[in-house]
Each structure stands twice: as C-alpha cells, then as structure tokens.
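Asks: The following block contains the structure, expressed as structure tokens.
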Amino acid sequence: KNTVVTLTAIPASGYMFLRWELALNGPQNPAAITMSASWTVRAVFVPTHLTLTTNVSPVSSGTVAPNGQNSYPYGSNVSITATDSATYYFKQWSGAASGTQNPTTVTMDASKTVTAVFDPFLTLTIQTQGSGTVAKFPNQTGYKLNTVVNMTATAASGYFFSHWTGSATGSANPYPITMTANKNVTAVFAQGIAHASDVIINEV
C-alpha cells in the first residue's frame, strides 16, 4: 500500500503515445501512481500519421486540393480548397467537413474523407423577336442557383419593346429573373410607336 509505481508507455512502430486515461490523466510519460487502492489505467496510442481522402461529387465536376489520398501527422490542420470548373461551381462540403467555407480546414485526429459537392452552372438563353437587344446583369455564361439576373431590353430605331415570352412574362423592363433552372427568354420587339394596347402587361 502507498507504493509509488512508475508506468512507461511504449508505442509500437507507426504509433505514438497520446495520454493516460482512467486512474491517470494527461500526456506525461513516464507517469507515477500511488497504490493507495486498486487502480485501472489505460494508455492511449494513436497512429503517427493519418490518411485524408478527398474527392468531388459529381465525378469530373470541379476540383479539390489536396486531391486523393494523402498522409498527415496526427493532430495537424489541413486546408482543403475546392475550385469551380467552367460548368460546375462549388456548393458545399460533405463527410468530415461541412458548410460552404472555402477553403476549409480539417484537424487530423482520425483518418478522414471529405467530399467537395458541386452544382452545375445554370444557363440563361436570351433571344429576340423583331429588332432590338437585351443586356443582362450580371453578364455571365453561367449562374449559381437562385442568382437574380436583371434583363434590360432596348429597341432599335423604329421599334418598341413589347413583352417577354418563355421563362419570363409580361412587359416589365428591366426584368429580374431568378435562376432556379436553365431558362430561355425571348424579348419581343414590335415596329412603330408603343401604345398602351400594344404592350402585354401580363401573359399566362
């Protein structure tokens, strides 16, 4: 009774001692315990290096770095960056990371798998009927989901803007369209001078 016992944790190859648990606590090694009672002590060992696996979904959408399987020291913080492609944009993380922060950081306290989830850019196709032009803002080849695009129709000389057809209706100009899917819009221009009866206020 009351004998002081010194314990030394010896890790196997590829492992390191992390801490004592139960009757002893903390990372000290060796550690001493006084035998004032019967005790149970646990030595916790962890791999010196852990595997981080990264991928993208859908396959061949955007890119992620680092990519594939890589080994990192236990406890290290690894920054992961997702990059858009011409047709896909980064949406969110899944697996051992979550949210939309990009880059994101994971702590290697276990082997982990992280997936960068991408969504396809949505397209807005604008055509004209009659003579005139349509400007859009922002002017991009593709849009993220729920982006609002303002379309402004400008008639050529001798024409007036009448109305929108397709994914847009009515005669509001500029016209804000929300990109919930791929959209096709036609701006209709008519010859002459606009009169109230020439303009379609609402179209079903």
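Asks: Touching a helix residue (DSSP H, G or I) at 6+ places or on another chain (Cβ under 7 Å), more than 30 Å from Ser71 (Cβ to Cβ) and of a type in the set (S, T, N, Q) - does that describe any residue in the range 162-181? Before the answer, list the steps.
Replies: Within the range 162-181, the subset touching a helix residue (DSSP H, G or I) at 6+ places or on another chain (Cβ under 7 Å) is 162.
When the remaining residues are screened for being more than 30 Å from Ser71 (Cβ to Cβ), the result is 162.
If we keep only those that are of a type in the set (S, T, N, Q) as well, we get 162.
For the range 162-181, residues touching a helix residue (DSSP H, G or I) at 6+ places or on another chain (Cβ under 7 Å), more than 30 Å from Ser71 (Cβ to Cβ) and of a type in the set (S, T, N, Q): present.
Asks: A further question follows. Restricting the range 67-84 to residues that are over 27 Å from Ile177 (Cα atoms) and within 16 Å of the chain's Cα centre (by Cα), which is surrounded by the most Cβ atoms within 10 Å (Cβ to Cβ)?
Replies: The first filter runs over the range 67-84 and keeps only residues over 27 Å from Ile177 (Cα atoms), leaving 67-82.
Still in the running and within 16 Å of the chain's Cα centre (by Cα): 67, 79-82.
Numbers: Asn67: 13, Ser79: 10, Ile80: 20, Thr81: 14, Ala82: 26.
Selected residue: Ala82.
Asks: Taking the range 41-84 on its own, how many of its residues are in a loop (DSSP other than H, G, I, E, B), in contact (Cβ under 8 Å) with a residue 24 or more places away in the chain and β-branched (Val, Ile, Thr)? Please lay out each step first, then the result.
Replies: Within the range 41-84, the subset in a loop (DSSP other than H, G, I, E, B) is 48, 58-62, 66-67, 74-76, 84.
Next cut, in contact (Cβ under 8 Å) with a residue 24 or more places away in the chain only: 48, 58, 61-62, 74-76, 84.
With β-branched (Val, Ile, Thr) added as a condition, the list becomes 48.
The qualifying residues number 1.
Asks: Mind checking which residues of the range 25-47 are more than 43 Å from the chain's Cα centre (by Cα) and not polar (S, T, N, Q)?
Replies: Restricting attention to the range 25-47, the residues satisfying the condition of being more than 43 Å from the chain's Cα centre (by Cα) are 30-41.
Answer for the range 25-47, where residues must be more than 43 Å from the chain's Cα centre (by Cα) and not polar (S, T, N, Q): Pro30, Ala31, Ala32, Ile33, Met35, Ala37, Trp39, Val41.
Asks: Looking at the range 24-52 only, could you name the residues that are surrounded by 11 or more Cβ atoms within 10 Å (Cβ to Cβ) and either of a type in the set (Gly, Ala, Ser) or closer than 17 Å to Tyr74 by Cα (or both)?
Replies: The answer is Pro27, Ala31, Ala43, Val44, Phe45, Val46, Pro47, Thr48, His49, Leu50, Thr51, Leu52.
Asks: Please work out which residue is modelled with the lowest pLDDT, limiting yourself to the range 1-38 and to residues that are part of a loop (DSSP other than H, G, I, E, B) and over 27 Å from Asp109 (Cβ atoms). Working first, answer last.
Replies: Residues of the range 1-38 part of a loop (DSSP other than H, G, I, E, B): 1-2, 8-14, 23-25, 27-30, 36-38.
This time we only want the ones that are over 27 Å from Asp109 (Cβ atoms), so: 1-2, 36-38.
Details: Lys1: 73, Asn2: 84, Ser36: 91, Ala37: 92, Ser38: 93.
My answer is Lys1.
The values are calculated or read from the model by the stated rules, or taken from the named source; none is laboratory data. None of these values were measured; they are calculated from a predicted model. FYI the Cβ positions are ideal-geometry reconstructions off the backbone, even for glycines, and counts take in every protein chain you see.
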